[in-house]
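No value in this document is a laboratory result; all are computed from the given coordinates. Predicted model, so just to flag it, every value in this text is computed and none were measured. Using ideal geometry, Cβ is built from the backbone for each residue, glycine included, and neighbour counts are taken over all protein chains shown.
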Amino acid sequence: MRQLQLIPANVNLSFIPKRMMFFAFSAFLVVASLGLVLSKGLNFGIDFQGGILIEIRTEQAADIGGLRKQLGGLGLGEVALQEFGAPNDVLIRIQRQDGGEEAQQAAVDKVKESLGKSIEYRRTEFVGPKVSEELLLDGVLAVGLAILAILIYIWFRFEWQFGLGAVIALTHDVISTIGIFSLMGFEFNLSTVAAVLTIAGYSINDTVVVYDRVRENLRKFKKMPLGELLNNSVNQTLSRTMVTSLTTLLALLALYFLGGSVIHDFAFAMIWGVVVGTYSSVCLAVPLLMYMNLNRSGMATSGDDTEEAAAETAP
């Protein structure tokens, strides 16, 4: 059975010699993302802004699209709906209204009046500013702890230099994802935090594959210049990286175009994350090793130049 190979086996693209161009582009991406977040800000969703939660049960399977259109015309600002367990259970989220508790209650009364008496109202809650602030802090903490755990994992599996390179690339992915959300004005909520954590896992998986080949080649080719070795390692894993990324993108594109508005922003974040994660694994994480003072002697294995030359020609 033939293996799918989008990239020729003997490909030799110049990634390491062009590393300064990649570094400049990545620096621009990070600075631009931070600038957008600081100047334009993020479009925080109900999870982080506070608002109203209403759980309802309909007599028949709920028409989410029809309910969304109906409630969206009430002038209450952002209204999000999602199926909640059974097909006739719906969770309605409404942004926090200007004013105190009276304004929130007026919004609830307006929703109930619009939906009619045939709806069973199972739960009504108000998410205050304090709760939403705690959710935001928890989201930031989750992303920070995930990056720290990845650093420790890579450190123990490889060396600290690999861990530092992986975390720099990973931070680049996270910041650029947040920046694209600020640029596009998409809602930033708990689903987005979940997408960022998923992106981190996907990106580090790609990086570990390339790093594993780098470590293997460091043991084989003790006399090969480091730049050439790193470039060969990237090219040797390029086919696998591209196949993995493209197959993942096919599924995400289907979610983006066919999944509906509920997961639209989540799918967009994942698509961006796969693209930027693949880029950073190849063009950022590996070239950074050129400046990490790798201890090649610690990875050396016994062998002579003949064995090294033979290994160099192996796929």
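Taken over the Cα atoms of region 142-255, the convex hull encloses 110 Å³ per residue.
Let me check I've understood the local charge: for residue 191, count other residues with C-beta under 12 angstrom from its C-beta, Lys and Arg +1, Asp and Glu -1. What total comes out?
So the environment of residue 191 carries a net charge of -2.
Averaged over residues, the count of other Cβ atoms within 10 Å places the peptides 72-81, 227-236, 143-152 in the sequence 227-236, 72-81, 143-152, highest first.
Judged by the mean number of other Cβ atoms found within 10 Å, the most tightly packed of the peptides 34-43, 207-216 leads the ranking 207-216, 34-43.
Cross-linked pairs 40/110; 69/110; 69/112; 18/223: Cα-Cα separations exceed 24 Å for 40/110. Applying 1/(1 + (r/R0)^6) with R0 = 41 Å to the Cβ-Cβ distance of residue 198 and residue 112 gives a FRET efficiency near 0.65. With a Förster radius of 30 Å applied to the C-beta separation of residue 219 and residue 149, the computed FRET efficiency comes to 0.65. Here's how it looks for residue 44: its modeled amide H is under 5 Å from those of 188, which are all 5 or more places away or on a different chain.
Computed per residue of the chain from DSSP H runs no shorter than four, each worth -39500 (n - 2.57), the mean residue ellipticity at 222 nm is -21000 deg cm²/dmol. Taking a Cβ cut-off of under 12 Å around residue 140, the surrounding Lys, Arg, Asp and Glu residues balance to a net charge of -3, with basic ones at +1 and acidic ones at -1. Couplings 3J(HN,Hα) of region 11-19, computed from phi: 5, 9, 7, 8, 8, 5, x, 9, 4 Hz, in residue order, whole Hz [Karplus 6.51 cos²θ - 1.76 cosθ + 1.60, θ = phi - 60°; x for Gly and Pro]. Just so you know, the Cα atoms of region 51-127 work out to an Rg and Dmax of 11.6, 35 Å. With Cα atoms defining each centre, region 9-88 and region 174-251 are spaced 22 Å apart in the structure.
By the count of neighbouring beta-carbon atoms within 10 Å, fewest first, 187, 59, 120 end up ordered 59, 120, 187.
Pairwise alpha-carbon distances in the chain exceed 33 Å for 40% of all pairs.
Other residues within the sphere of radius under 10 Å centred on the Cβ of residue 236, judged by their own Cβ, net out at +1 (K and R +1, D and E -1). The fewest-to-most ranking of 206, 89 by surrounding Cβ atoms within 10 Å reads 89, 206.
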